[in-house]
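Visitor: Here you go, one structure.
Nothing in this text is a laboratory measurement; each read-out follows from the coordinates by a stated rule. These numbers come from a predicted model, not from an experiment. Positions of Cβ are generated from backbone atoms using ideal geometry, with glycine treated the same way; all protein chains shown enter the neighbour counts.
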Amino acid sequence: MEGISQSISKLLRRSGKGRSDEKKQYYSSVLPEGLCRRFSLAEIKKATNYFAYDLVIGEGGFGKVYKGFIDDRGISVAIKRLNIKSSSGQGCRELTNEVLLLCQIRHPNLIPLIGYCIDEGEGCLVYEFMVNGNLHQHICGTNHDPLPWKQRLAICIGVARGLHYLHTGLKHTIIHRGGKMSDILLDEKWEAKLADFGLSKMGPPSLSKALIRVESVVKGTMGYLDPEYLRSEELTDKSDVYAFGVVLFELLCGRKALDHNLEEEQFHLISWASKCKQEGTINEIIDPYLMGKIAPECFKIYIGIASSCVREEGKDRPAMGEVEVGLEHALQLQESADAAREEGEYDYPINELTCSDSPIENEMY
């Protein structure tokens, strides 16, 4: 990991000035030989049928993602094509950052990187193909059946494990700096895989109790950005916790963090959920598909965890390890309640669910 840290630091010190071709050569050469598989542009074009439109499976500010086939079409892959031709060099930095990180870390809940391409002005990242797409498609899309509650919980637990590993399982803390639903991919077994490490930052050596701080220009996705980070421009591991808390509410409510199609009061999910909690109507935010399917005891724990994650101050938020344990407990409560229930739906007594300082939340955090 020392090699990763030094390479990333070198990238961050690199001035934004200079000719475009010089930048491409620099970002290409900073990647150590043999770090992972390096594809030629000819191989990428063959894999994607020359970036065929009908193979596009995703799109974002970085560019398009294509389904592709490598090694004589024997292996399905996802190929992210980044814009590395801009004068800022941002695309090159993101590509190099992701390669340096993902080629040297392994975890069941992080996206496996197969290789990369920097060739003839093109920059691409090649990943294992995730059969079930991303979480946003299943929660906010219209072409998929709604995910059952226990499956949503299991996905949350997987993401929490991945973030916990990044924060404490390595010599240096890695702050993901993303975590939105479209960054959470799902394999054939519906196991969550955290993706998109282009903006990730490496902090100082991991310390289980310390708050990790990294000075950084504010970048990220609105709706998921830690309000403390916006004010201070200091990125911390608790910024990841905040973004994950937003995802927890999205999964519970079945909607995205910011929705311009809703009335002003409900446009911002976290503000709306906080208002409902204060007014004693927190049960009303549940996704209609899930209504009556969540055990009250599980619901209380889940709301306590999600609310703790999106607290205004980072120091007041739980660590990812605590979040992981809490979600595992919530799933156990749901499974126990389901096993004991004969039929019918769960009721949500208002006086038991809406206390702003529930004893369960205080006991856990």
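Visitor: Please identify every one of the GluC sites (Glu not before Pro) in region 47-135 that sits in a loop by DSSP and has no more than 14 other beta carbons within 10 Å of its own beta carbon.
Guide: Numbers: sites: Glu59, Glu94, Glu98, Glu120, Glu122, Glu128; in loops: Glu120.
Hits after loop and neighbour filter: Glu120.
Visitor: What are the residues whose amide H is under 5 Å from the amide H of Asp287, where those residues sit 5 or more places off or on another chain and H is modelled from the backbone?
Guide: Cys253, Gly254
Visitor: Out of residues 5 or more away from Gly123 or on other chains, whose amide H comes under 5 Å of its own, with H placed 1.01 Å from N in the peptide plane?
Guide: For Gly123, whose amide H was placed from the backbone, the distant partners under 5 Å are Leu82, Ile84.
Visitor: Now a separate question. For region 316-323, in order, what is each residue's ³J(HN,Hα) by Karplus, 6.51 cos²θ - 1.76 cosθ + 1.60 with θ = phi - 60°, in whole Hz (x at glycine and Pro)?
Guide: These are the phi-based 3J(HN,Hα) values: 8, 8, x, 6, 5, x, 5, 4 Hz.
Visitor: Apply the Karplus parameterisation 6.51 cos²θ - 1.76 cosθ + 1.60, with θ equal to phi minus 60°, to every residue of region 183-195 and state each ³J(HN,Hα) to the nearest whole Hz, in sequence, with x for glycine and proline.
Guide: So the J values, rounded to whole Hz, are 8, 9, 9, 10, 7, 5, 9, 6, 7, 6, 10, 6, 10.
Visitor: Tabulate in residue order the Karplus-calculated ³J(HN,Hα) for region 232-246, using 6.51 cos²θ - 1.76 cosθ + 1.60 with θ = phi - 60°, rounded to whole Hz; enter x for Gly and Pro.
Guide: Going residue by residue, I get 9, 6, 10, 7, 10, 4, 6, 5, 5, 4, 4, 4, 5, x, 4 Hz, with x marking Gly and Pro.
Visitor: Turning to a different aspect of this structure: Which entries in the list Lys64/Lys275; Lys189/Lys256; Lys189/Lys315; Lys45/Lys150; Lys80/Lys201 go over 29 Å, if you measure between the two C-alpha atoms of each? Could you put the intermediate results ahead of the total?
Guide: Values: Lys64/Lys275 37 Å; Lys189/Lys256 24 Å; Lys189/Lys315 35 Å; Lys45/Lys150 40 Å; Lys80/Lys201 20 Å.
Beyond 29 Å between Cα atoms: Lys64/Lys275; Lys189/Lys315; Lys45/Lys150.
Visitor: Provide Asp287, Asp237, Asp145, Asp338 in ascending order of the number of other Cβ atoms located within 10 Å of each residue's Cβ, fewest first. Walk me through the numbers on the way to the answer.
Guide: Numbers: Asp287 19, Asp237 26, Asp145 7, Asp338 14.
In increasing order of surrounding Cβ atoms, one gets Asp145, Asp338, Asp287, Asp237.
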